[in-house]
Amino acid sequence: MLAPIGLVLLMNFAFNKLSFVALMAIFFGYAALNGISFSAIFHIYRLDSIGVVFASTCALFGVMAVAGYTTKADLTKMGSLLMIGLIGIVIASLINMFMHSDSMGYIISIISVIVFTGLTAFDVQKIKEMAQANDGSSDFKKIGVLGALTLYLDFINLFLSLLRLFGKRD
């Protein structure tokens, strides 16, 4: 259960020590562990519900990625606020693990959709700016893996938040 979190931390904190190939292997391992752990949603939610929420997530993620890529506005200030919101979500989620409040979970999910929708646009813009400074180095390739991880996390968290809001349980 904690292995995926450990792999993300490993990728971030050992970034300078890991090779590009090692970083990619850890990223693929992380994705595989997430796939295994997310298989539990098929026991909780109806298959048609998962499909609709997944399609909705893809559409929303795609629109926000295009918006982040094409906008001329600097999203840096918005990104800082969204990161504060993300910290608030984590803290509220930890508190709600003990309180078991359905209404608090609902509010956290709504805020999570807003935060991860905004973070998608912000992260795409940040990755675009980094790509324009491409020097072809090994470090640049490794930064690309972290960019992919960031977008992966945005998508997964957006999907899970929408599923908690709109998913129909078995």
Problem - Selection status of Val115, part of a helix (DSSP H, G or I), surrounded by 13 or more Cβ atoms within 10 Å (Cβ to Cβ) and touching a residue at least 40 places away in the same chain (Cβ under 8 Å) - result: no
Completion exercise
Phe13 fails exactly one of (1) exposed (fewer than 11 other Cβ atoms within 10 Å of the Cβ); (2) at pLDDT 90 or above, namely (2)
Handout entry: Residue among Lys142, Lys128 that is at pLDDT below 95, among the basic types (Lys, Arg), more than 24 Å from Leu18 (Cβ to Cβ) and in a helix (DSSP H, G or I)
Key = Lys128
Completion exercise
Matching residues in region 62-85 (of a type in the set (A, V, I, L, M, F, W, C), surrounded by fewer than 16 Cβ atoms within 10 Å (Cβ to Cβ) and assigned to a helix (DSSP H, G or I)) number 6
Practice task
Kindly establish whether Ser56 is modelled with pLDDT under 95, over 16 Å from Ala148 (Cβ atoms), surrounded by fewer than 16 Cβ atoms within 10 Å (Cβ to Cβ) and among the small types (Gly, Ala, Ser).
Solution key: no
Completion exercise
How many residues of region 30-60 are closer than 23 Å to Ala3 by Cβ and within 16 Å of the chain's Cα centre (by Cα)? The answer is 8
Fill in the blank from the handout: Of the candidates Ala31, Ala55, Ala59, Ala22, the one satisfying the condition of being free of Cβ contacts under 8 Å to residues at least 12 places away in the same chain, assigned to a helix (DSSP H, G or I), among the small types (Gly, Ala, Ser) and not assigned by TED's automatic domain parsing to the domain that holds Gln125 is Ala22
Exercise for the section: Please work out if Leu81 is in contact with a helix residue (DSSP H, G or I) (Cβ under 7 Å, 6 or more places away or on another chain) and without any contact (Cβ under 8 Å) to a residue 60 or more places away in the chain. Expected result: no
Practice task
Spot the failing condition for Ile156; the list is (1) exposed (fewer than 12 other Cβ atoms within 10 Å of the Cβ); (2) within 15 Å of the chain's Cα centre (by Cα); (3) aliphatic (A, V, I, L, M), and only one is missed.
Solution key: (1)
Handout entry: Residues that are closer than 16 Å to Ile127 by Cβ and of a type in the set (Gly, Ala, Ser), drawn from region 56-72
Key = Gly62, Ala65, Ala67, Gly68
Completion exercise
Out of (1) closer than 29 Å to Phe166 by Cβ; (2) of a type outside the set (Phe, Trp, Tyr); (3) surrounded by 11 or more Cβ atoms within 10 Å (Cβ to Cβ); (4) not assigned by TED's automatic domain parsing to the domain that holds Leu151, the one Ile50 does not meet is (4)
Completion exercise
The number of residues in region 10-38 that are within 13 Å of Ile156 (Cα to Cα) and of a type in the set (Ser, Thr, Tyr) is 2
Fill in the blank from the handout: So, first residue free of Cβ contacts under 8 Å to residues at least 12 places away in the same chain in region 126-148, second residue surrounded by 14 or more Cβ atoms within 10 Å (Cβ to Cβ), Cβ within less than 6 Å, six or more apart or across chains; the pairs are Asn134/Phe140
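The values are calculated or read from the model by the stated rules, or taken from the named source; none is laboratory data. Please read these numbers as outputs of a predicted model, since none were measured by experiment. Because the Cβ atoms are built from the backbone with ideal geometry, glycine has one as well, and the counts that use them run over all protein chains shown.
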